[in-house]
Amino acid sequence: YFISIKPSKLNEAEVNGNWTPQEKALHEARLKAKAKRRLRKSSSRNSTSDSFSESGEVAGSDPHSPKGKVNANDRKSRTGKGRGLPKKGGAGGKGVWGAAGMVYEDEEPDVRDPNYDESAQGDTVYATVVPELDEKELEKTVNPIVQEYFEHGDTKEVQMLLKELNLGPHKYEFSSLAVSLSLEGKASHRELTSRLLSDLSGKVLSQADMARAFDKMLKELPDLILDTPEAPQMLGQFVARAIADHVLPMTFLDRYKGKVDCDHARAALDRAAVLLSMKREIVRLDNVWGVGGGLRPVKHLIKEMNLLLKEYLVSGDISEAEHCLRDLEVPHFHHELVYEAIVMVLESKGDTAIDMMVKLLKAFWKTGLITVDQMNRGFQRVYDELPEINLDVPHAHSIMETFVDLCYQESVITKQLRDACPSRLVRQRILKLFTANCYEMTA
């Protein structure tokens, strides 16, 4: 057992010399342990905080501080290495703004700084970044624009839409896509495309872009001819019109002389050269695609419709008549066809013309080629002019009534339009008067 002895009693026992062997051994062990602890503590402090000079004196220790103590606020290196100067020249450490005499410049605020205040930075300018379109995205974006342009024909709207897009280096492909779509369309679409290229030249597309687009189409003619067999001749007309409109440089054809291996490309270039040689004195080849749609004179359209109806009465081919009417590209003027068909029935002899015209109008009605508005407008025009027609055709009223009844039976016209027929109204009034007179006589 170990016996703990207070210092006073231990000193007394030591003085008296009444130490037992166990107490003496325990006391010696404690003294040795205490000495070892003091030695370790003093050696560690001296090795980390004191640097000795050549004479053996301790450098950097405070004479007033206890032995072995080191100033906690001292900025000198405590590793015992270096020249004993402050770390970072006194410019480092917590709460230190830098070395004495250091001048700081104004720094731009960092947006990623948690303390960044957007409202305190003054007027903020926002820039819209439009991503650049690649080839696939360009085709998906341009096709609807061109198709809509074929409907409204407004080149300024197309120009505005193109300026909102970032076409990048593929800008020239707009021209080639527009021409390719028009090759599969109608003559009026090709005329609109030529006008579009002329209006875009110098504003959105340069002559170099146009030339690059036509170069590409000349190389792709073997593929274009699969869908459009007349592609070489049409492309040649596009080239001639573009050169006449100053969309392409005048030297465009000269670059290909003796350098064309493809037969289709050679045919297109020959076609363009022939048209330019024939129209050398004319500034613009305005009629290279003909005059289509609503640009044609009204008299010309009426003549074409009369010829269409006469050919139908001879051949009886409804599909050919429908094809000819669609080629005229005047859906707003189809009421004239209805009017001319009815007048032709009134002036004809026999029932053959009546039956054939009813079939024709029924076919146009079913396919949607002639709308309700155009059909009603054509019949109403005949109703209004029936008194004048009756002067030349005495039986016009009876023929008209028969024709209207047949059209109503075939669901070509509505009941309201049938009842609006003048001959039917006259007959109804006569019947009412006759019935009233009979009732008075019997009364």
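The values are calculated or read from the model by the stated rules, or taken from the named source; none is laboratory data. Just so it is clear, the structure is predicted and the values come from calculations on it, not from any experiment. Heads up, the Cβs are rebuilt from the backbone with ideal geometry, glycines too, and the neighbour counts pull from every protein chain shown. With ligands, DNA and RNA removed, areas are computed over all heavy atoms of the protein, side chains included. Shrake-Rupley method; radii C 1.70, N 1.55, O 1.52, S 1.80 Å.
Odds and ends about this structure:
- Matching residues in the range 143-173 - criterion: being under 13 Å from the mean Cα position of the chain (by Cα) and assigned to a helix (DSSP H, G or I): N143, P144, I145, V146, V158, M160, L161, L162, K163
- Residues that are at pLDDT below 90 and crowded, with 20+ Cβ neighbours inside 10 Å, drawn from the range 175-189: S188, H189
- Taken over the range 410-442, the criterion of being surrounded by 11 or more Cβ atoms within 10 Å (Cβ to Cβ), modelled with pLDDT of 70 or more and part of a helix (DSSP H, G or I) is satisfied by L417, R418, D419, P422.
- Within the range 244-263, the set of residues being modelled with pLDDT of 90 or more and surrounded by 21 or more Cβ atoms within 10 Å (Cβ to Cβ) comprises V247, L248.
- Flag if K140 is assigned to a helix (DSSP H, G or I), closer than 27 Å to L218 by Cβ, of a type outside the set (A, V, I, L, M, F, W, C) and open to solvent by 80 Å² or more (accessible area, probe 1.4 Å): yes
- Scanning the range 220-235 for residues that are within 14 Å of T193 (Cα to Cα) and either surrounded by fewer than 23 Cβ atoms within 10 Å (Cβ to Cβ) or outside the structural domain of A208 (by the TED database) (or both) gives a single hit, M234.
- M210 farther than 24 Å from H332 by Cα, in contact with a strand residue (DSSP E or B) (Cβ under 7 Å, 6 or more places away or on another chain) and part of a helix (DSSP H, G or I): yes
- Looking only at the range 311-331, residues that are open to solvent by 40 Å² or more (accessible area, probe 1.4 Å), over 43 Å from the mean Cα position of the chain (by Cα) and touching a residue at least 24 places away in the same chain (Cβ under 8 Å) come to 1 in all.
- Considered as a group, the residues in the range 190-219 that are buried (at least 21 other Cβ atoms within 10 Å of the Cβ) and among the small types (G, A, S) include one that is nearest to R266 (Cα to Cα), and that residue is A213.
- Subset of the range 355-365 [surrounded by fewer than 17 Cβ atoms within 10 Å (Cβ to Cβ) and over 46 Å from the mean Cα position of the chain (by Cα)]: D355
- In the range 132-150, the residues that are β-branched (V, I, T) and touching a residue at least 24 places away in the same chain (Cβ under 8 Å): T141, V142, V146
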